[in-house]
Amino acid sequence: MTPTKRPAPLEDLGHVPWPEIKDSTGCAAAIPFLLTAVARGDAEAARSALGQLRRRICQYGFLVGQATAATVPFLWELVRLPQVTCRVEILQLLKSIADARQWETTAAAYPKLLRRRDNYVEWEREARHAVHAQRGVLRHLLDEPDRELVRASRELAATLTDR
């Protein structure tokens, strides 16, 4: 029997039209580079890249944008890789995205927000949906020997079941 070849990490990054979508800084073209740095970098480089990524896709820990939903599947992919040094922080980022309700809350008070060309409320909903879509990954993370990873997995699982 021939062993199944595993796809390279982040192999599908090229399938997303990053230059055509926006993050908090404008064009989202830098996101693939940041994800790659998280995947391949040493602990310090990975944390730095993840910090930059967080500012681009979940600014202030609660403002998500257009590029967030497209980035979430890659975060889930990274959190499954044992060699990634900042998996706990990735889970915390996913939790922040799942908790994001800023645009939705604002639109409830100011419905004109829903008529803007940039649909912030929909981007927020899509981002939350993207986090929920792969919540099954958490079952595997709960068996990890890293206690911090297990704790972060439980916290994210609780967030995802509360909604």
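The values are calculated or read from the model by the stated rules, or taken from the named source; none is laboratory data. This structure is a prediction, so every number in the text was calculated from the model and none was measured. Here the Cβ is made from the backbone with ideal geometry for all residues, glycine too, and neighbour counts use every protein chain on show. Ligands, DNA and RNA are stripped out before the accessible areas are found, and what is left, the full protein with its side chains, is counted by its heavy atoms. Shrake-Rupley method; radii C 1.70, N 1.55, O 1.52, S 1.80 Å.
Table for the structure above
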| item | result |
| --- | --- |
| Residue match in the range 7-18 (condition: in contact with a strand residue (DSSP E or B) (Cβ under 7 Å, 6 or more places away or on another chain) and part of a loop (DSSP other than H, G, I, E, B)) | no |
| Long-range neighbours under 8 Å by Cβ, at least six apart or interchain, first residue within 17 Å of residue 64 (Cα to Cα) within the range 40-54, second assigned to a helix (DSSP H, G or I) and among the small types (Gly, Ala, Ser) | 54/96 |
| Scope the range 25-39; condition open to solvent by less than 40 Å² (accessible area, probe 1.4 Å) and touching a helix residue (DSSP H, G or I) at 6+ places or on another chain (Cβ under 9 Å); matching residues | 28, 29, 30, 31, 32, 34, 35, 37, 38, 39 |
| Residue that is modelled with pLDDT of 85 or more, among the acidic types (Asp, Glu) and either touching a helix residue (DSSP H, G or I) at 6+ places or on another chain (Cβ under 9 Å) or open to solvent by less than 50 Å² (accessible area, probe 1.4 Å) (or both), where the choices are 99, 42 | 99 |
| So residue 88, is it at pLDDT 95 or above, aliphatic (A, V, I, L, M), in a loop (DSSP other than H, G, I, E, B) and within 17 Å of residue 152 (Cα to Cα) | no |
| Residue 76 vs. criteria modelled with pLDDT of 95 or more and either at positive phi or part of a helix (DSSP H, G or I) (or both) | yes |
| Enumeration of residues in the range 5-24 that are surrounded by 14 or more Cβ atoms within 10 Å (Cβ to Cβ) and not aliphatic (A, V, I, L, M) | 9, 18, 22, 23, 24 |
| Residue within the range 49-60 that is in a helix (DSSP H, G or I), of a type in the set (Lys, Arg), out of contact with any Ser or Thr (no Cβ under 6 Å at 6 or more places or on another chain) and under 20 Å from residue 17 (Cα atoms) present | yes |
| Sole exception among (1) at pLDDT 95 or above; (2) open to solvent by 20 Å² or more (accessible area, probe 1.4 Å); (3) not aliphatic (A, V, I, L, M) for residue 59, by number | (1) |
